[in-house]
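The values are calculated or read from the model by the stated rules, or taken from the named source; none is laboratory data. This one's a predicted model, so the numbers in the text were calculated from it and none came from an experiment. Heads up, the Cβs are rebuilt from the backbone with ideal geometry, glycines too, and the neighbour counts pull from every protein chain shown. The accessibility values were calculated without ligands, DNA or RNA, using every heavy atom of the protein model including side chains. Shrake-Rupley method; radii C 1.70, N 1.55, O 1.52, S 1.80 Å.
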Amino acid sequence: MKKLVSSLVMATLLFSGISVVAAADTAADSTVTHSKAEKKEENRAKLNAKAAKWGVETTDQTNKEVKAAIQEAKAAKKAENAEKKAAKKAAKEAKKQERLAKLNDKAVKLGVDTAGKTAKEVKAAIKEAKVAKKAENAEKKAAKQVKKQEQLANLKEKAAKWGVDTAGKSTKEIKAEIEAKKAEKKENKK
């Protein structure tokens, strides 16, 4: 009898354990189903947020349609960015060509050869030409000043011959007085 009672108790425990396990499985299935629905809602919410970011309308559209619309929006944005980049590059190139043209104009005015030279090389050549031109101008100015001094010395010598006082007088005044003395001498000869 003891064996029968213990068998019965074991059977009861065994079946009651299975019921508890089965009940737990059922509860787990409803939780999984519930979490799938929640996950689907979360995914839709994320998709809607992404769609809003890209300016895509989601009303009455499936997830696939929304995803496709987002991809289109991304592709359009990518194309727009590429277009802007190309326009910037073209503007930059045009500005570069304009600067190069100005450099070439300056180079031509200064007599610098620009054939086969980069913009930096042309700039350097222009600077060298400007320095050379300044030096040349300074030499010309110095030579002119020397010539002027020589002419003034000759004029003073001439003025001394004719008895003209040169103190505080300009070159024109001295020449005028010398001419007057010459004219006076001619008058006296006649």
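Couple of notes before you dig in:
- Every residue from segment 85-111 that is under 15 Å from Lys130 (Cα atoms) and either modelled with pLDDT of 90 or more or part of a helix (DSSP H, G or I) (or both): Leu103, Asn104, Asp105, Lys106, Ala107, Val108, Lys109, Leu110
- Test: residue in segment 169-186 that is in contact with a helix residue (DSSP H, G or I) (Cβ under 9 Å, 6 or more places away or on another chain), more than 30 Å from Leu103 (Cβ to Cβ) and outside any helix (DSSP H, G or I): yes
- Residues satisfying the stated conditions in segment 112-129, i.e. loosely packed, with under 10 Cβ neighbours inside 10 Å and either in contact (Cβ under 8 Å) with a residue 12 or more places away in the chain or part of a helix (DSSP H, G or I) (or both): Lys120
- Of the residues making up segment 85-125, those that are of a type in the set (Lys, Arg) and within 17 Å of the chain's Cα centre (by Cα) are Lys85, Lys88, Lys89, Lys92, Lys95, Lys96, Arg99.
- Exactly one residue out of Ala132, Ala82 is more than 30 Å from Thr171 (Cα to Cα), within 19 Å of the chain's Cα centre (by Cα) and either outside any loop (DSSP other than H, G, I, E, B) or among the polar types (S, T, N, Q) (or both), and it is Ala82.
- Residue, nearest to Glu121 (Cα to Cα), within segment 65-102, restricted to residues that are out of contact with any helix residue (DSSP H, G or I) (no Cβ under 8 Å at 6 or more places or on another chain) and surrounded by 12 or more Cβ atoms within 10 Å (Cβ to Cβ): Ala76
- Restricting the first member to segment 50-73 and to residues that are under 16 Å from Lys40 (Cα atoms) and in a helix (DSSP H, G or I), and the second to residues that are open to solvent by 30 Å² or more (accessible area, probe 1.4 Å) and basic (Lys, Arg), the beta-carbon pairs closer than 8 Å and six or more apart or on different chains are Asn63/Arg44.
- Scanning segment 155-167 for residues that are open to solvent by 90 Å² or more (accessible area, probe 1.4 Å) and either at pLDDT 90 or above or not in a helix (DSSP H, G or I) (or both) yields a total of 1.
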